[in-house]
Amino acid sequence: MKFSPKPNVFTSQLAEKLRSHPKRIVFTEGEDLRVLRVAEELVRQEVILPILLGDRDRIRQMAHENDISLTFVNVLDPSTSRELPRFAEMYERSSRARGVEILDCMEIIKRPAYFGAMMAQYSLVDGLVGGNQSLPASLFRSLLQTIKPLPHVPRVFSAMIMVAEHLEHFGRDGVLFLSDCGLIPEPEIKDLASMAIETGKLARHYLGVTPMVALLSHSTKGSSTTPAARKVAAATALAQSMVKEKYLEIEVDGELQADVALDPMASGIKLPDREVRHSADVLIFPNLDAAHISLKLLQHCARAQNYGQLVMGLARPAAQIPRTASEETIYGTALAVGYEAIKYHVLYPDGEV
């Protein structure tokens, strides 16, 4: 059965842009029928050059048995790659620089997640997608230990992109960016401010307009004076000062309840002096529990389509997808990582941060 993506306001524009700038994306868990079907479709559309990691014979057998073409799909087994010794040496050097003693770097780099991350770090690919057959922590660990962090982001976090054109008040045009859905359990003030700025810049890149970023709370503009509400208010003030200092095309507001952030009618009632605005494009959650629970409710109860999670704060584009990911999620996430790579090539033309 062939995979045929459902065009939407988000993926259609990314596919169109990537046809002019196709990117090399490594899928760290290639022994997966979902990945094989998506890889075939990405090649057919001429938007992504897929590299699948795993056992070559196993992947080719799966493709043959399911009538999937691997034309222009590169299948690579890390355990037999000629890059393995070089990657192991580089990993050992970087680990030693961090003060970590590694006994057998070769065995670690044979793991597809680590091998793929090394490919991304040393520009053999433009981006990485993984996690479809493993626990999130294992992929995150490999990325954090191999790919350089961006110096201006205090802590690596993740952003989820959701599309629901059938829902009212779901972003400006049915697209919402959510952070942090995967990494920081209890973000500090500077973490929340950084998430607001970086996710806002992400939304600006994809949407092409000045995004509205809302820092969410159980409180709206001091309606509650709990420590949690005050923390979000402080993070909002810090993010707003960063926007002014760096002349960013981002609007930031908070602390806001979710209805005030998304529904102009609720905003007009609770904040009558606030100028009428469209629904927020970016939602920054006060902690991981709130973000992850909201993500799953939107996905499974409201039928919002999820793409990501994009790992933010690394020097190379990468995404972690869940083990339950649909082919549509894998497809859109690959497009998102590829489109991020276009921006990274502009910002870092020599490959260095």
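When you work out D = kT/(6 pi eta Rh) for segment 199-353 at 10 °C and 1.306 mPa s, using the Kirkwood radius from C-alpha pairs as Rh and the Stokes-Einstein form, the result is 92 µm²/s. Among V129, V260, the order by Cβ neighbours within 10 angstrom, fewest to most, reads V260, V129.
Taking the convex hull of the alpha carbon atoms in the chain, what volume per residue do you get, in Å³? Mind showing how you got there, number by number?
On the way: hull volume 47.9 nm³, N = 353.
That works out to 136 Å³ per residue.
Listed by chain and number, the aspartates and glutamates whose C-alpha is less than 13 Å from the C-alpha of K201, apart from same-chain residues fewer than 8 away, are E249, E251, D281, E340.
Its Kirkwood hydrodynamic radius, worked out from the mean inverse distance over all distinct Cα pairs, puts segment 274-349 at 14.4 Å.
So what's the back-of-envelope 222 nm ellipticity for the chain, counting only DSSP H runs of four-plus at -39500 (n - 2.57) apiece and dividing by all residues, rounded to 500?
On the way: 13 runs with 156 residues, N = 353.
Calculated from helices alone, the mean residue ellipticity at 222 nm is -13500 deg cm²/dmol.
Relative protection proxy for 290-302, 177-189, from highest mean packing down: 177-189, 290-302 (other beta-carbon atoms within 10 angstrom). Projecting the Cα atoms of Q121, G182, M162 onto the dipole axis of segment 82-193, where Lys and Arg carry +1 and Asp and Glu carry -1 at the beta carbon, places Q121 farthest toward the positive end. If you run the Gaussian network model on the chain, springs between alpha carbon atoms under 10 Å, then out of E198, E16, E275 the most flexible one is E275.
Between E65 and E89, take the C-beta separation as r, use R0 = 35 Å, and let me know the FRET efficiency to the nearest 0.05.
Working: r = 38 Å, r/R0 = 1.09.
The calculated FRET efficiency here is 0.40.
A Gaussian network model of the chain, with springs between Cα atoms under 10 Å, assigns the largest mean-square fluctuation among D191, D281, D273 to D273. By the beta-carbon count within 10 Å of each Cβ, the least crowded to most crowded order of R141, R303, fewest first, is R303, R141.
Based on alpha-carbon atoms only, what is the radius of gyration of segment 34-115 relative to the globular estimate 2.2 N^0.38 Å? List each step's numbers first, then the result.
Numbers: Rg = 15.9 Å, N = 82, 2.2 N^0.38 = 11.7 Å.
Relative to the 2.2 N^0.38 Å estimate, segment 34-115 comes out at 1.35.
Taking square-rooted eigenvalues a ≥ b ≥ c of the alpha carbon gyration tensor, is segment 143-230 rounded, prolate or oblate, where a/c under 1.5 means rounded and, failing that, a/b exceeding b/c means prolate? Walk me through the intermediate numbers first.
Details: a/c = 1.92, a/b = 1.07, b/c = 1.79.
Because a/c hits 1.5 or more and a/b fails to exceed b/c, segment 143-230 counts as oblate.
Between H152 and A302, the modelled label-to-label distance comes to 3.1 nm, taking each label 7 Å out from Cα in the direction of the beta carbon.
Each reported figure results from applying straightforward, stated rules to the coordinates on display, with no laboratory input. All of these numbers come straight from a predicted model, not from anything done at the bench. Positions of Cβ are generated from backbone atoms using ideal geometry, with glycine treated the same way; all protein chains shown enter the neighbour counts.
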